[in-house]
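Participant: Please find one structure pasted underneath; my questions will follow.
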Amino acid sequence: MILKEKDKVLVGKFLKKIPAFGNLSNKRVEQIINDFTICTFHAGETVFYQTDKSSDMYIILEGKVKVTLLSEEGDEFVLTDLNQGDFFGEMSLIDGNPRSASVIAEEDSTFAVLERNRFLDAIKEDPEIAIDLLKSLVQRLRNATEREESLAFLAVHQRLVKLFIKLIKDEGKKTKNGFYLIKRRTHKEIAERIGASRESISKVVKKLVSGNLIIENGDLFLLSPGLFEDIDELTD
Ligand code: CMP
């Protein structure tokens with residue numbers, strides 16, 4: 001399929017931001033763009049399931065997805081949320097094995113999709129792509145190690161504070177009185193992201209709300225600086 005000019009511009013813009021493609025010359029990017037196709041998914045739709053045998057790589061042009069593990073009982077553990085400009089599907093693309101996790105669109109989303117063989121051809125022509133992809137994989141491995149460390153050593157309260165710090169960094173705003181504003185999440189959404197039960201999150205959040213460390217305000221959480229005392233990461 002030949003990409004429309006508008007889609008080419010969009011794919012080109014995001015390709016330059018992805019480490020694996022960011023160092024390529026404009027001419028090379030122009031060539032690779034023609035190997036992509038575009039697809040769209042509605043919020044809530046599954047892009048692919050864990051163990052599927054597909055092997056394409058996806059770049060998020062618009063929207064948001066979650067990378068998630070689903071148990072047979074329907075429990076969910078969200079490995080990561082990915083946004084515009086992020087990519088996924090590189091693991092099956094590299095080793096040809098089934099998908100390591102499911103990916104679900106959290107908003108209406110548009111993706112640029114690259115077939116495995118096209119990607120392997122691109123690597124053969126530009127081995128630099130492989131080095132940069134390795135760097136991205138190592139970063140993901142580091143994030144996974146950090147999560148395992150949290151799961152192994154931190155209590156639910158500390159894990160929740162860690163999640164809040166990440167969300168503040170990703171999307172937070174600071175108010176004049178030093179509180180942080182982030183989008184409100186359900187207890188279930190929080191539980192799925194820190195490997196805790198919904199009940200335990202409800203208990204911890206209730207306690208923090210009654211201590212005015214969290215204020216639930218419409219679509220927002222207001223987080224007191226008191227939640228992050230002794231944590232240097234948020235000092236500006
Ligand atoms: P793949 O295994 O092809 O399909 C699922 C994708 O989810 C995987 O490639 C990665 O892109 C992504 N993925 C799997 N595990 C993680 C993780 N721990 N952190 C971030 N992304 C992941």
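Participant: Any idea of the accessible area per residue across the range 1-131, 1.4 Å probe, to the nearest Å²?
Facilitator: 53 Å²
Participant: OK, next. How much length is gained on full extension from residue 198 to residue 71, taking 0.36 nm per residue of separation minus their Cα-Cα distance?
Facilitator: The residue 198-residue 71 span can extend by a further 44.2 nm.
Participant: While we're on this one: Roughly to the nearest percent, how much of the accessible area of the chain is carbon and sulfur, given a 1.4 Å probe?
Facilitator: Here carbon and sulfur together make up 52 percent of the probe-accessible area.
Participant: Same structure, new question: Could you work out how much longer the chain between residue 153 and residue 100 gets when fully extended? Use 0.36 nm per residue separation minus the Cα distance between them, nm to one decimal.
Facilitator: 16.6 nm
Participant: Which whole-number value in Å² is the accessible area per residue of the range 153-216, probe 1.4 Å?
Facilitator: Accessible area per residue, the range 153-216: 59 Å².
Participant: Let me ask you something else. Would you calculate the convex hull of the Cα atoms in the chain and tell me its volume per residue in Å³?
Facilitator: 155 Å³
Participant: Whole-Hz ³J(HN,Hα) for each residue in the range 38-52, computed from phi via Karplus 6.51 cos²θ - 1.76 cosθ + 1.60 with θ = phi - 60°, x for glycine and proline: what do you get?
Facilitator: 10, 9, 10, 9, 7, 3, x, 7, 8, 6, 7, 9, 3, 6, 4
Participant: Right, another one. Subtract the Cα-Cα distance of residue 183 and residue 9 from 0.36 nm times their separation in residues, and report this length gain in nm to one decimal.
Facilitator: 59.5 nm
Participant: Let me check against my output: what whole-number percent is the relative contact order of the chain, with C-alpha pairs under 8 Å and at least 6 apart?
Facilitator: Reported as a whole number, the value is 18 percent.
Participant: When you take every Cα atom in the range 28-119, what is the radius of gyration, and what is Dmax, the widest Cα pair distance, in Å?
Facilitator: Gyration radius and largest Cα-Cα distance of the range 28-119: 13.1, 47 Å.
Participant: On to the next question. Which FRET efficiency, nearest 0.05, do residue 46 and residue 206 yield, Cβ-Cβ r, R0 35 Å?
Facilitator: With a Förster radius of 35 Å, E is 0.60.
Participant: Once you have the Kirkwood Rh of the range 155-236 from its Cα pairs, apply Stokes-Einstein at 25 °C and 0.890 mPa s and quote D in µm²/s.
Facilitator: After rounding, the answer is 192 µm²/s.
Participant: Now for a separate question. What is the Cα centroid distance between the range 124-160 and the range 22-42, reported in whole angstrom?
Facilitator: That distance is 25 Å.
Participant: If you look for lysine pairs in the range 92-186 that are eight or more places apart or on different chains, how many of them have Cα atoms under 27 Å apart?
Facilitator: 14
Participant: Can you give me the Rg/Rh ratio for the range 64-199, using Cα atoms for both radii and the Kirkwood formula for Rh?
Facilitator: Here Rg/Rh amounts to 1.01.
The values are calculated or read from the model by the stated rules, or taken from the named source; none is laboratory data. The shown structure was predicted, so the numbers you read here are calculated from the model rather than taken from an experiment. All Cβ positions, glycine included, derive from the backbone under ideal geometry; neighbour counts span all protein chains shown. For the accessible areas, the whole protein counts, side chains as well, though only heavy atoms, and no ligand, DNA or RNA atoms are used. Shrake-Rupley method; radii C 1.70, N 1.55, O 1.52, S 1.80 Å.
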